1. Does at least one position in the range 543-566 carry a residue that is part of a loop (DSSP other than H, G, I, E, B), modelled with pLDDT of 90 or more, closer than 21 Å to HIS499 by Cα and in contact with a helix residue (DSSP H, G or I) (Cβ under 7 Å, 6 or more places away or on another chain)?
2. Suppose we filter the range 81-98 for residues that are open to solvent by 10 Å² or more (accessible area, probe 1.4 Å) and not in a loop (DSSP other than H, G, I, E, B); how many remain?
3. Picking from GLU539, GLU605, GLU615, which residue would you name as being open to solvent by 40 Å² or more (accessible area, probe 1.4 Å), modelled with pLDDT of 90 or more and of a type outside the set (S, T, N, Q)?
4. For the range 459-471, give me each residue that is touching a helix residue (DSSP H, G or I) at 6+ places or on another chain (Cβ under 6 Å) and open to solvent by 10 Å² or more (accessible area, probe 1.4 Å).
5. Would you mention how many residues in the range 116-138 are within 17 Å of PRO16 (Cα to Cα) and open to solvent by 30 Å² or more (accessible area, probe 1.4 Å)?
6. Of all residues in the range 661-674, how many are open to solvent by 30 Å² or more (accessible area, probe 1.4 Å) and under 23 Å from GLU605 (Cβ atoms)?
7. Restricting to the range 152-162, name every residue that is outside any strand (DSSP E or B) and buried (at least 18 other Cβ atoms within 10 Å of the Cβ).
8. Name the single residue that is least open to solvent (accessible area, probe 1.4 Å) among those in the range 170-202 being among the acidic types (Asp, Glu), within 22 Å of TYR451 (Cβ to Cβ) and out of contact with any Lys or Arg (no Cβ under 8 Å at 6 or more places or on another chain).
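The values are calculated or read from the model by the stated rules, or taken from the named source; none is laboratory data. The shown structure was predicted, so the numbers you read here are calculated from the model rather than taken from an experiment. For neighbour counting, all protein chains shown are included, and Cβ atoms are generated from backbone atoms with ideal geometry for every residue, glycine included. These area figures cover heavy atoms from the full protein model, side chains too; ligands, DNA and RNA do not enter into them. Shrake-Rupley method; radii C 1.70, N 1.55, O 1.52, S 1.80 Å.
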Amino acid sequence: MDFSELEASISNDASPIRAARQLLKERYNADAEAFRQGADVRALVHSRSSTLDTVLALIWNRYAFATSRDISLIAVGGYGRGELHPHSDIDLLILTCNGIEEGCQEDLGAFITLLWDLKLDIGHSVRSIEESLSAAREDVTILTNLLETRTIAGPDELRDELSHQVYSDAISSDRDYFIAKREEQIRRHAKYGDTEYNLEPNVKGSPGALRDIQTIGWITKRHFGLQNIADLTRFSILTEEEHQILLQGETFLWRLRYGLQLIADRNENRLLFDHQRSLAEMLGYKDEGNRLGVELMMQSYYRTVLALAELADVILQYYDEAILGSGNDDDILPLNKRFQIRNYYIEAVNNQVFAYAPYAIMEIFVLMAQHPEIKGIRATTIRSLRAHRHLIDDAFRSDLAVTSLFMELLRTPHALDQTLSAMKKYNVLGRYLPEFGQIIGQMQHDLFHIYTVDAHTMRVIRNMVRLDSAEARDEYPLASRLIHRLPKLETLYIAGLYHDVAKGRGGDHSELGAIDAEEFCGRHHLSERDTQLVSWLVENHLLMSMTAQRKDISDPDIIHGFARSVPSQVHLDYLYVLTVCDISATNPKLWNTWRASLLRQLYIETKRALRRGSETPVDRHEWVRATQSEAREILHAQNMTDEQIDGIWDTLDEDYFLQDSTVDIAWQTAAIIRHGDDPDPLVLIRDTRGGPTDGYSQIIIYMSDRVDLFAATTAVLEQLNLNIVDARISSSEGPFSISSYIVLDEKGKPLGIDPARKDRVRSRLIEELDDPEDYPDIIHRRTPRQLKHFAFPTEVTFSNDTVNQRTIIEVVTPDRPGLLARVGQVLLEHRVRLTNAKIATLGERVEDVFFVTDEHGEQIRDPAVCLALQQDLCQMLDDTQ
């Protein structure tokens, strides 16, 4: 049956449902296939609207009220614009002249019910003209819907009368409507973090996305009474180039939205990880070298919304002046021969400033930095800037006036991140530093890096600037002190600007970035000393975080090795500040007190090592003796005898005295002595204050040594919804062992806020661990949605620590509930003992390091054993993804 026959059936059959469903389905499928074949999305969006027009009009005309001149079926909102994506809401207004006529109520109810039976996502209201106008006065959302209307069925005179009054000041003044829509946009942007760079952006609501375009359209229609945003060119508000940017940006976002709704099969506007890869494939994005097709698609998205955000600034600023500033005198403050401030916005004195003085392209941002009262750049100057950006070429980049201005910008105390972000927004920074331009909008398809590379870089700079604030002194106490000791802040800013600039090129981005940074320093006439420092920082910007998170920093040999990599105390200070700012800018969940304590401990120990000289490492035996002596004094003060103390310590190996503070060692030893011969496990739980575990809960377990202790304990802790961030089992020559676990609850809080829960944890551990035959089942909790879309094969590598006589197993695998318990189960099956573990979760990616021995306390030297252990770990972890 062709479309004309289906339309006839909708009009004439006893029930139109079968024919209407078939018509909608066939048109939907035809349009979907056309989209997949590359058809014009604008035509398809209007086609969907036209199809609904036809079906709704045919069904409407089946009812007696269709002949009335006092009732109409009106499309409003997006449908009123004639724009429907595959699963868009269909907003309808049943408009009457003076209310519903007698006898129509039942038919109207049947009409709406029939639409619901068709499974259409209908939003409808039934109002008279006066009721519609009253609702519009009270609710700006209703008013906005009524700015965009079309008559689907019935007399058009009703809609025409409504529209005439909706655009009048009697409903809302031009000023009030502009203020309401501007405030609405501010609230919406705040909802999405005021950034275009969300990991799972909303193509409708995120900053720079479709709603921003629609907001411009609504304000335009209300201000000028226009029906088409393209008509802005007639009023010199948009240049032809700007109109093309707007049109092309909207078309791109429509393609994303159309394809997204086809894949999700619902009214979905969020670019969720669930759909990003499929959408990239549907739209024809393919992998290129080291870049995934999905990353290229998302980069196109980010660059598009960035351009649209710049354009929205221009248009809304025009309306701000035209609507809110109309009739007011301008407040003008001259700055120099080229620039002045008009009503708190900087502007060029004429539109040829950048043509005869190209360096002014850089100068305008320096002036903004020097005058914090400036709110932004005036629209006319933004346009002039855009028109002259082509002047930023190699000669411009090497011009001494320009490079001097850029260095002046870096040295000017102000919110540098905001100025650099403005330079990026207006496409000046990416042109001036082409290597930076390559990373604008570049995402990394994982949960660890939740920002694009350029957005992350701006957050690093922001963190550096914020270190001088009172808030930062609480959040980053050591870094906020060190920032005042750094000889030149501009060298830190340059390192921050370049630390990830080579991401996505292939090769080691740290090494490639160091080369770019060195070239920048040469072009900007930095001294050889400063150049070497910046280059070293960029090349080694991951060194401190990797050492702190993946190595046993309680081992003096690790500290000594790290200290040998750091040329001086100045290098250490810079590196620590850069590392803190980098980690906390990568992912808000990544920076926590545990990582802070690890970095602080590494900094302090390295500082001591540098004072001693890197060629004079700490003597392990001397360190152990000094630790024991200090802890023994504390225990003597508690009336503990040397016989009692040595009875415990003589069974423990040296590692135990390398890893805890003397206060902790004394606390644990005293508790063990008091525990005496009690056969039950001793379980100590306390919240830590100060030191490397500040803000966490520490669980100490002293009990009969068992090879399955780690496996059993991690299974219990994970059943109790506790997150393990550090684990250590100190082996001994006697029958007992001491295990230490640093944990947080599922909300990232220590257990001290819930004393009853602390008691439950203690009781449960004692109950499960007192019987060697009682092995708790590994928990099975649902893996979170986002984690499911970042599965990758587990990697397991082995190395031997010959100094400490242990084997190091590094496990890189996707995160999921119960992971440590599963690792513990495999270690148990192979009779492998764990002595220490470094737990690091980076987004969806876990990078854990386990220090183990065989059951006799020796390194695992047999390659066959290592291979079997590697295979079983990979199989266990990959099978549970």
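1. yes
2. Final tally of qualifying residues: 1.
3. Answer to the selection: GLU539.
4. ARG459, ARG462, VAL465, ARG466
5. 3
6. Total meeting the criteria: 3.
7. GLY154, LEU158, ARG159, LEU162
8. Residue satisfying both the conditions and the ranking: GLU196.
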